[in-house]
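**Q** My structure is below; once you've seen it, I'll send some questions.
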Amino acid sequence: MTTLRSVAIGCGHYLPERVVENAEFEKSLDTSDEWIRTRSGIERRHFAAPGELTSDLALKAAEMALENAGIAAADLDAIVLATATPDQTFPSTATKLQHALGMKGGFAFDIQAVCAGFIYALSTANAMVLSGQAKRVLVVGAETFSRIMDWSDRSTCVLFGDGAGAVILEAQHGAGSSADRGILATDLQSDGAYNDLLYVDGGVSSTQTTGVLRMQGQEVFKHAVSKLVVTGETVIQAAGVNVDDIDWVVPHQANLRIIARTAKKMGVSMDKIVQTVQDHGNTSAASIPLALSVAVGRGQIRRGDLLLMEAIGGGLAWGAAVIRW
Ligand code: UT7
C-alpha cells in the first residue's frame, strides 16, 4: 500500500529592487532604527517600484520555482496564489500569473487569509493533490503591502514589506510513514471575533476604496504567541512526529520577538529557526515561501529535512504545516 503525498519539487522567490533601511523612516516619522530593530527585529524591507504589481512579483518567484523544479509552466495543473493585495478586486491575481506564465490549461485561483495565506494555500493545494484533482500545483504567496500603508502611522508602516515566494507540489507515492517526503499534516484555524485587531479600513462593498492597514499590535502579539504554539503542537502531533524531530521551523516573519517567544514555549532552539524578518520585514502571505526559498539558497534547508511552518494574521486566521523537504 502506498500513500499519495504532495512533495515539494522546487521553490523560488523574488524581492523588488528598492531596499528601504529603517533609518529612512527617521526623516518623516517620530521613530528610530533602534526602536524598529529592538521591537520587531526588522532592519530593512523591499518596496515594489511604481507600476510593479503583485502579479509581477509572483511571476518572478514562479519562474525561479519552475527552473528550480526543472519543469515548464505547461506541466502545471493548477495555481493557488495567496494574497491580500491583489492587482485588482477581480479577476484573480492567480489567473494573471497563469497567463503571464503562458499556461493554456489547468486552473488558477486566489486565497485570502492575509498573513496565514500561504499555509491556507498549501493546505488547499495538498487537498487537491490528495483528491486527485491536480498532479502538480504551483503555490504562491505574493504581496505589495506598501500599497496599503498609512505612512503617517508609525506603529504599522515601518513593519511591512513587499515580495513573493513560490513552491511547486507534485503528487508522489510514499510509504505512508513520517519518513515520506512531502506534506505530512496541516492545521487551519480562524476566529472572526478578532476582525478588528488587524484589518484594512476600506473595501469594495463597504467604502468602495482600498483602505489602509490598521492594527492593534500588542493584542495581535499576545494572540500570535499562544495560537502559534497550539497550532504548531497540533500539526506536529498530526504528522506523527515529535518537536525534537523538526530540523527547521519556517515561521511567518512578522516580529523576531514573536518568533523567539513561540520557539521558547515550544522548546525549539533558535538555531533551528529560519530568520529573514531582518531583511524582508513582514511580507504577509509571501513571508513563509520567501524565507523557505532563501533558506534553501543558503544551504540551510536540505532534501529530507523535516520542516514546521506556522503563521497568523488578520481574521484572525492562523495555521501550520509539517512537510518533509
Ligand atoms: O503579520 C500579522 C501579524 N502581525 C503581527 O504579528 C504584529 C504583532 N505586533 C507586534 O509586532 C508589536 O506589537 C509591534 C512591533 C507592532 C509593537 O511593539 P510593542 O512592543 O507591542 O509596542 P507598543 O505597541 O506597546 O508601543 C510601545 C510604544 C508606544 O508608546 P507609549 O504609548 O509607550 O508612549 C508607541 O506609541 O512605542 C510607540 N511606538 C513607536 N515608537 C517609535 C509605536 N510605533 C513606534 C515607532 N517608533 N515606529
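The values are calculated or read from the model by the stated rules, or taken from the named source; none is laboratory data. Because the structure is predicted, anything quoted here is derived from the model rather than measured. Here the Cβ positions follow ideal geometry from the backbone for every residue, glycine too, while neighbour counts run over all protein chains shown. Ligands, DNA and RNA are stripped out before the accessible areas are found, and what is left, the full protein with its side chains, is counted by its heavy atoms. Shrake-Rupley method; radii C 1.70, N 1.55, O 1.52, S 1.80 Å.
**Q** Count the net charge of all other residues whose Cβ sits under 12 Å from the Cβ of residue 194, scoring Lys and Arg as +1 and Asp and Glu as -1.
**A** -1
**Q** Give me the compactness ratio for the chain, meaning the Cα radius of gyration over 2.2 N^0.38 Å.
**A** 0.93
**Q** While we're on this one: How do 156, 210, 186 rank by accessible surface area computed with a 1.4 Å probe, from largest to smallest?
**A** In descending accessible area the options line up as 210, 186, 156.
**Q** Per residue Cα convex hull volume for the range 92-151, in cubic angstrom?
**A** 83
**Q** Further question on the same structure: Taking a 25 Å limit on the Cα-Cα distance, which of the listed pairs 27/264; 222/264; 227/272; 27/272 fall beyond it?
**A** Violating the 25 Å limit, Cα to Cα: 27/264; 27/272.
**Q** Continuing with the same structure: Return the ratio Rg/(2.2 N^0.38 Å) for the range 129-198, where Rg is computed over Cα atoms only.
**A** 1.67
**Q** Given Cα positions, please report Rg to Rh for the range 3-174, the hydrodynamic radius being the Kirkwood one.
**A** 1.04
**Q** If you don't mind, another one. Once the Cα gyration tensor of the range 199-325 is diagonalised, what are the square roots of 5 times its eigenvalues, in whole Å and ordered largest first, as equivalent ellipsoid semi-axes?
**A** Sorted largest first and rounded, they come to 28, 16, 13 Å.
**Q** Report, ordered by chain and residue number, the lysines lying within cross-link reach of residue 96, taken as a straight Cα distance under 29 Å and ignoring same-chain residues fewer than 8 apart.
**A** Straight-distance partners of residue 96: 60, 104, 135.
**Q** Please give the peptides 157-170, 290-303, 190-203, 29-42 ranked by average Cβ packing (other Cβ atoms within 10 Å per residue), highest first, as a rough proxy for protection.
**A** Ranking, from highest mean packing down: 157-170, 290-303, 29-42, 190-203.
**Q** Compute the accessible area per residue over the chain, keeping the other protein chains in place, probe 1.4 Å, unit Å².
**A** 41
**Q** Compute the separation of the alpha-carbon centres of the range 278-295 and the range 237-258 and state it in Å as a whole number.
**A** A separation of 15 Å, based on Cα centres.
**Q** The range 37-88 to the range 175-211: how many Å between their Cα centroids?
**A** Here the answer is 18 Å between Cα centres.
**Q** Would you tell me the accessible area of residue 325, worked out with a 1.4 angstrom probe on the heavy atoms of the protein chains, in Å² to the nearest 10?
**A** 20
**Q** With the cut-off at 1.5 for a/c, could you classify the range 24-67 from its C-alpha gyration tensor as rounded, prolate or oblate?
**A** oblate
**Q** Suppose the chain between residue 151 and residue 305 were pulled fully straight at 0.36 nm per residue; how much longer would it get relative to their current alpha carbon spacing?
**A** Taking 0.36 nm per residue and subtracting the Cα distance, the gain is 51.4 nm.
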